[in-house]
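J.: My questions all concern the structure below.
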Amino acid sequence: MTVALVTDSTASLTPEVAAARSITVVPLQVVIGAESYDEGVEGGVTPELLAEALQAWTPVSTSRPNPDQMLEVYERLAAEGASEIVSIHLSADLSGTFESAQLAARRAAVRVHAVDSRQVGMGAGFAVLAAADARDTGADGTLMAAAARERAAATTSLFYVDTLEYLRRGGRMGAAAALLGSALAVKPILKVDGGRIGPFERVRTSGKALGRLEELAVEAAGGHDVEVAVAHLASPDRAATLAERLGVRLADGLGPRSVVVGEIGAVLGAHVGPGMVAVCVARRTTHSDPPGD
């Protein structure tokens, strides 16, 4: 029995990781001005291009893959020998990608386990990797989907943004909350909670925000075995500093693993804006430990 694993480009998995773990990545699209780009493919939109467009106030929007595009991926994998497919995606409350996966699954030639991770970015990415780990132990599609859900539920995703304006524009944050943040001149820390993005704390400066992210990440780890990712958009120095500090403070829980650091993809970046720094702490769960751990 061969189980294929599918996710979307917002899961923040590098092409090298996706290839090594046999994960098929379906791109979302970013529209900058009148030009449409696929995310995560050669010649597609880059974080640098996105940041420049946002800073220049060029209109930016994002779009999901439609059900026919998802079905094409599922049918190709079935033709290549997959007997089941596990398809894991970012929160359905933030994108219609999961809905496209569900609709395509009903028409696919093989069983498709569509999973709403209730997460974004590496929060979803760690869930995908948990499913891949389960597959390596011989798990079927049902157990792989369960491993992904378990890992996602044990994951804390927090991020700091310089302004709530981009979230407001994209409909991911209410206008009242965004205006309040601007009026108070605060630096908001937000959290993915129940599949939605909401305000968590407010601090007065970016330095305090990064320090608070560090403390919250340590609290989320809680002494458990964890994997940790730090993401940013046009803010590499802040991200590197946070990752270095977390690597030291969470060394016991990380074991041989390093804190993953990378620039966030363009689709998510379009909604948070330049200056964003995020931290994702994923506790390693029963089903997410690969052979030999």
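Only the coordinates and a few stated rules stand behind these numbers; no lab work does. Treat the numbers as computed from the prediction; the structure is a model and nothing was measured. All Cβ positions, glycine included, derive from the backbone under ideal geometry; neighbour counts span all protein chains shown.
J.: So for region 87-146, what are the equivalent ellipsoid semi-axes in whole Å, largest first, each being the square root of 5 times an eigenvalue of the Cα gyration tensor?
T.: On the way: eigenvalues 70, 56, 8 Å².
For region 87-146, the semi-axes come out at 19, 17, 6 Å.
J.: Under a GNM of the chain (C-alpha, springs under 10 Å), which listed residue has the highest mean-square fluctuation: VAL228, VAL203, VAL115?
T.: Maximum fluctuation in the GNM of the chain, among the listed residues, is at VAL203.
J.: No solvent, one uniform scatterer per C-alpha: report log10 I(q)/I(0) for region 3-153 via the Debye equation at q = 0.09, 0.13, 0.17 1/Å, two decimals.
T.: Values, matching the q order: -0.27, -0.56, -0.92.
J.: Towards the positive end of the charge dipole of the chain, with charges on Cβ (+1 Lys, Arg; -1 Asp, Glu), say which of ALA278, LEU190, SER235 has the farthest Cα.
T.: Going by the Cα projections, it comes out as LEU190.
J.: Taking the chain as a Gaussian network, Cα atoms linked when under 10 Å apart, which of PRO256, PRO15, PRO199 shows the biggest mean-square fluctuation?
T.: PRO256
J.: Moving on to the next point. Taking the chain as a Gaussian network, Cα atoms linked when under 10 Å apart, which of VAL218, VAL230, VAL272 shows the biggest mean-square fluctuation?
T.: Residue with maximal mean-square fluctuation among VAL218, VAL230, VAL272: VAL218.
J.: Give the order of VAL192, VAL110 when sorted by the count of other beta carbons within 10 angstrom, beginning with the fewest. Could you put the intermediate results ahead of the total?
T.: Details: VAL192 28, VAL110 19.
Going from least to most buried by this count: VAL110, VAL192.
J.: Now a separate question. Ranked by Cβ crowding within 10 angstrom, fewest neighbours first, how are ARG283, ARG107 ordered?
T.: Numbers: ARG283 20, ARG107 13.
Final ranking by Cβ density, sparse to dense: ARG107, ARG283.
J.: Same structure, new question: What is the chain by shape, rounded, prolate or oblate, if you read a ≥ b ≥ c off the alpha carbon gyration tensor as root eigenvalues and call it rounded for a/c under 1.5, prolate for a/b larger than b/c, and oblate otherwise? Don't jump to the answer; show the numbers that get you there.
T.: On the way: a/c = 1.94, a/b = 1.26, b/c = 1.54.
Since a/c reaches 1.5 but b/c is at least a/b, the shape of the chain is classed as oblate.
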